[in-house]
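Enquirer: Sharing a structure, written as structure tokens. Questions coming.
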Amino acid sequence: MSVKTSPPLRTRPRPADEHPSGDPRFNLIDRTLKRFSFQQDALIEVLHTAQEAFGYLSDDLLIYVAHQLKLPLSWVYGVATFYHFFTLTPQGQHNCIVCMGTACYVKRAAEIVAALQQEFQVAAGGTTADGRLSLSTARCLGSCGLAPVLVLDGEVLPRETPESTLERVRQHLMTAGGRSAAQLAKNGGAGGAPDDEE
Ligand code: FES
């Protein structure tokens, strides 16, 4: 008696450079890992690449990096949360970082944060409900002579006041194709944790 067996399943052959996850962004991380020969010292560079590729460091990414570098996940998590330039939550379309270091703090940085929170209905460390603006704080941005300092989408803004900051952010969101601040405040809601997570 002959036994019929079903033909082997044909799967699409995977291109040599395709990551097993199917997500090409992992290739960027893999390239950095290879460039540094998987050395554990390269952790910060690898995390940078991961954040650039994905926008933020999710749990899955931290696990992946820890596995690839053969580091304890707690170590990788500790580094990712120590440096303020890493974020573990998805970011908004626009990003505002207010320095709360001593030099900035004594020049009304806390008032700037409070004004932004009230105007855009967003907590420090969070993102507006519509995903348009993320607000975070940092300890010192290294420009104390320009205090108080904030960084709006990568641009350093020196000697700000609560009033000038609100005007700048409103203008920035509008010229960047966004809705007005009033609309943001009306439609928005606190979108994140109450404290910064640096
Ligand atoms: S304290 Fe703000 S730049 Fe140094």
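Enquirer: Of the residues 103, 110, 114, only one is out of contact with any strand residue (DSSP E or B) (no Cβ under 6 Å at 6 or more places or on another chain) and either touching a residue at least 60 places away in the same chain (Cβ under 8 Å) or more than 16 Å from the ligand (Cβ to nearest atom) (or both); which? Working first, answer last.
Expert: Values: 103 fails: either touching a residue at least 60 places away in the same chain (Cβ under 8 Å) or more than 16 Å from the ligand (Cβ to nearest atom) (or both); 110 fails: either touching a residue at least 60 places away in the same chain (Cβ under 8 Å) or more than 16 Å from the ligand (Cβ to nearest atom) (or both).
Step by step, each of 103, 110, 114 is checked, and only 114 is out of contact with any strand residue (DSSP E or B) (no Cβ under 6 Å at 6 or more places or on another chain) and either touching a residue at least 60 places away in the same chain (Cβ under 8 Å) or more than 16 Å from the ligand (Cβ to nearest atom) (or both).
Enquirer: Then there is this: Every residue in segment 85-120 that is in a loop (DSSP other than H, G, I, E, B) and farther than 13 Å from residue 150 by Cβ, please.
Expert: Let us first name the residues in segment 85-120 that are in a loop (DSSP other than H, G, I, E, B), namely 85-93, 100-101, 106-108.
Selection gives 85, 86, 87, 88, 89, 90, 91, 92, 93, 106.
Enquirer: Among residues belonging to segment 122-152 that are touching a helix residue (DSSP H, G or I) at 6+ places or on another chain (Cβ under 7 Å) and of a type outside the set (A, V, I, L, M), point out the one that is surrounded by the most Cβ atoms within 10 Å (Cβ to Cβ).
Expert: Among residues in segment 122-152 that are touching a helix residue (DSSP H, G or I) at 6+ places or on another chain (Cβ under 7 Å) and of a type outside the set (A, V, I, L, M), the one surrounded by the most Cβ atoms within 10 Å (Cβ to Cβ) is 148.
Enquirer: Filter segment 30-49 for residues that are farther than 12 Å from residue 66 by Cα and surrounded by 14 or more Cβ atoms within 10 Å (Cβ to Cβ) and give the result.
Expert: Listed by number, the residues that qualify are 30, 32, 36, 45, 48, 49.
Enquirer: Do we have any residue at all in segment 64-83 that's closer than 22 Å to residue 149 by Cβ, surrounded by fewer than 16 Cβ atoms within 10 Å (Cβ to Cβ) and touching a helix residue (DSSP H, G or I) at 6+ places or on another chain (Cβ under 9 Å)? Full working, then the answer.
Expert: Just the residues of segment 64-83 that are closer than 22 Å to residue 149 by Cβ, to begin with: 82-83.
Still in the list and also surrounded by fewer than 16 Cβ atoms within 10 Å (Cβ to Cβ): 82-83.
Of the ones still in play, those that are also touching a helix residue (DSSP H, G or I) at 6+ places or on another chain (Cβ under 9 Å) are 83.
Looking for residues that are closer than 22 Å to residue 149 by Cβ, surrounded by fewer than 16 Cβ atoms within 10 Å (Cβ to Cβ) and touching a helix residue (DSSP H, G or I) at 6+ places or on another chain (Cβ under 9 Å), one finds at least one in segment 64-83, hence yes.
Enquirer: Taking segment 124-133, which residues are over 16 Å from residue 168 (Cβ atoms) and either part of a strand (DSSP E or B) or within 9 Å of the ligand (Cβ to nearest atom) (or both)?
Expert: Within segment 124-133, the first condition is being over 16 Å from residue 168 (Cβ atoms), and the residues that meet it are 124-131.
Within segment 124-133, 126, 127 qualify.
Enquirer: Looking for something touching a strand residue (DSSP E or B) at 6+ places or on another chain (Cβ under 7 Å) and at pLDDT below 90 - is there at least one such residue anywhere in segment 80-89?
Expert: Residues of segment 80-89 touching a strand residue (DSSP E or B) at 6+ places or on another chain (Cβ under 7 Å): 84.
When the remaining residues are screened for being at pLDDT below 90, the result is 84.
Checked segment 80-89: at least one residue is touching a strand residue (DSSP E or B) at 6+ places or on another chain (Cβ under 7 Å) and at pLDDT below 90.
Enquirer: Checking the structure you have, find out if any residue of segment 102-111 is polar (S, T, N, Q) and crowded, with 16+ Cβ neighbours inside 10 Å. Give the steps one after another, and end with the answer.
Expert: First pass over segment 102-111, keeping only residues polar (S, T, N, Q): 102.
Then drop every residue that is not crowded, with 16+ Cβ neighbours inside 10 Å, which leaves none.
Scanning segment 102-111, I find no residue that is polar (S, T, N, Q) and crowded, with 16+ Cβ neighbours inside 10 Å, so the answer is no.
Enquirer: Can you tell me which condition residue 85 does not meet? The list is (1) within 16 Å of the ligand (Cβ to nearest atom); (2) without any contact (Cβ under 8 Å) to a residue 40 or more places away in the chain; (3) over 16 Å from the mean Cα position of the chain (by Cα), and all the others hold.
Expert: (3) is the only condition that residue 85 fails.
The values are calculated or read from the model by the stated rules, or taken from the named source; none is laboratory data. For clarity, every value in this text was computed on a predicted model and none was experimentally measured. All Cβ positions, even for glycine, are placed from backbone atoms using ideal geometry, and neighbour counts span all protein chains on display.
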